[in-house]
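*Asks:* First, the structure itself, so that you have it in front of you.
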Amino acid sequence: MFQKITLLMLLVTVISCQKKESVEKDKIKIADWLIGNWENKSPDGVITESWTRLNDSSFTASSYFIKGKDTLHFETIVLAQKGETLTYFATVKGQNDDKPVAFPSTAESDKQLVFENPKHDYPQKITYTKGADNTLTAEISGKLDGKVSSEKFVLVKK
């Protein structure tokens with residue numbers, strides 16, 4: 001009898017651990033719609049974001065703004081799930097000693113992802129919204145030099 005109870009408890013523990021692990025990795029799946037190449041062409045230049053799946057718990061992206069032949073902005077992004085939290089890590093060339101800045105998620109859905117870091121200088125909030133017709137709106141916002149500021153970029157999937 002003792003052996004059966006021990007075996008049953010061991011089996012329940014193994015099953016519950018496996019389920020927890022898969023639930024933890026499932027949260028990033030809500031962001032699958034980011035995967036792909038996105039672009040915005042305007043008279044000011046071209047903004048491009050390219051998202052790929054790195055593994056079952058993280059995505060990686062490169063984002064850059066080119067005007068003519070000059071790259072005016074370049075950053076690398078990692079979207080990683082640790083436990084139950086999605087975190088957006090942005091590394092902007094020439095800023096923060098080229099170290100990543102973390103923005104934990106504050107809201108996730110199949111159409112919108114919101115990441116916030118109130119201690120960051122600017123932006124404090126990054127929002128991605130899935131639109132119709134293969135569009136994506138990326139918005140950065142927060143206080144810049146004491147004034148509320150925001151910038152929106154509508155990108156089209158390529």
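*Asks:* List, please: which pairs have Cβ atoms under 6 Å, are six or more places apart or on different chains, and start with a residue in segment 40-55 that is at positive phi and touching a residue at least 12 places away in the same chain (Cβ under 8 Å) and end with one that is part of a strand (DSSP E or B) and among the aliphatic types (A, V, I, L, M)?
*Replies:* Hits for this filter: G45/I66.
*Asks:* Also: Considering only residues that are surrounded by fewer than 17 Cβ atoms within 10 Å (Cβ to Cβ) and among the aliphatic types (A, V, I, L, M), look in segment 62-83 and name the one that is nearest to V114 (Cα to Cα).
*Replies:* If we filter segment 62-83 for residues that are surrounded by fewer than 17 Cβ atoms within 10 Å (Cβ to Cβ), which is where we start, we get 62, 66-74, 76, 78, 82-83.
Still in the list and also among the aliphatic types (A, V, I, L, M): 66, 72, 78.
Working: I66: 25, L72: 25, V78: 14 Å.
Among residues in segment 62-83 that are surrounded by fewer than 17 Cβ atoms within 10 Å (Cβ to Cβ) and among the aliphatic types (A, V, I, L, M), the one nearest to V114 (Cα to Cα) is V78.
*Asks:* Kindly establish whether S58 is under 14 Å from L34 (Cβ atoms) and surrounded by 14 or more Cβ atoms within 10 Å (Cβ to Cβ). Show your work before the answer.
*Replies:* Values: under 14 Å from L34 (Cβ atoms): yes; surrounded by 14 or more Cβ atoms within 10 Å (Cβ to Cβ): yes.
In short, yes.
Okay, residues lined up against (1) surrounded by 13 or more Cβ atoms within 10 Å (Cβ to Cβ); (2) in contact with a Gly (Cβ under 7 Å, 6 or more places away or on another chain); (3) of a type outside the set (K, R):
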{"residue": "A107", "(1), (2), (3)": "no, no, yes"}
{"residue": "F115", "(1), (2), (3)": "yes, no, yes"}
{"residue": "H120", "(1), (2), (3)": "yes, no, yes"}
{"residue": "I126", "(1), (2), (3)": "yes, no, yes"}
{"residue": "K130", "(1), (2), (3)": "yes, no, no"}
{"residue": "E139", "(1), (2), (3)": "yes, no, yes"}
{"residue": "K143", "(1), (2), (3)": "yes, no, no"}
{"residue": "K147", "(1), (2), (3)": "no, no, no"}
{"residue": "E151", "(1), (2), (3)": "no, no, yes"}
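*Asks:* Within segment 73-88, is there a residue that is under 22 Å from K157 (Cα atoms) and polar (S, T, N, Q)?
*Replies:* There is at least one residue in segment 73-88 that is under 22 Å from K157 (Cα atoms) and polar (S, T, N, Q).
*Asks:* Of the conditions (1) buried (at least 16 other Cβ atoms within 10 Å of the Cβ); (2) in contact with a Lys or Arg (Cβ under 8 Å, 6 or more places away or on another chain), K111 satisfies every one except a single condition; which number is it?
*Replies:* Status for K111: all satisfied but (1).
*Asks:* When you go through (1) touching a Lys or Arg at 6+ places or on another chain (Cβ under 8 Å); (2) not hydroxyl-bearing (S, T, Y); (3) not in a strand (DSSP E or B) one by one for D133, which number turns out not to apply?
*Replies:* (1)
*Asks:* Any idea how many residues of segment 31-79 are modelled with pLDDT under 95 and under 19 Å from K130 (Cβ atoms)?
*Replies:* Summing the residues that are modelled with pLDDT under 95 and under 19 Å from K130 (Cβ atoms) in segment 31-79 gives 0.
*Asks:* Residue by residue through segment 82-98, note down the ones that are out of contact with any strand residue (DSSP E or B) (no Cβ under 7 Å at 6 or more places or on another chain) and either over 17 Å from F59 (Cα atoms) or assigned to a strand (DSSP E or B) (or both).
*Replies:* K82, G94, Q95, N96, D97
*Asks:* Just checking, how many residues over segment 99-121 are assigned to a strand (DSSP E or B) and in contact (Cβ under 8 Å) with a residue 24 or more places away in the chain? Show your work before the answer.
*Replies:* Just the residues of segment 99-121 that are assigned to a strand (DSSP E or B), to begin with: 101-108, 112-116.
If we keep only those that are in contact (Cβ under 8 Å) with a residue 24 or more places away in the chain too, we end up with 108, 113, 115.
The qualifying residues number 3.
The values are calculated or read from the model by the stated rules, or taken from the named source; none is laboratory data. In this text, all values refer to a predicted model and were calculated from it rather than measured experimentally. Note that each Cβ is placed from the backbone with ideal geometry, even for glycine, and that neighbours are counted across all protein chains shown.
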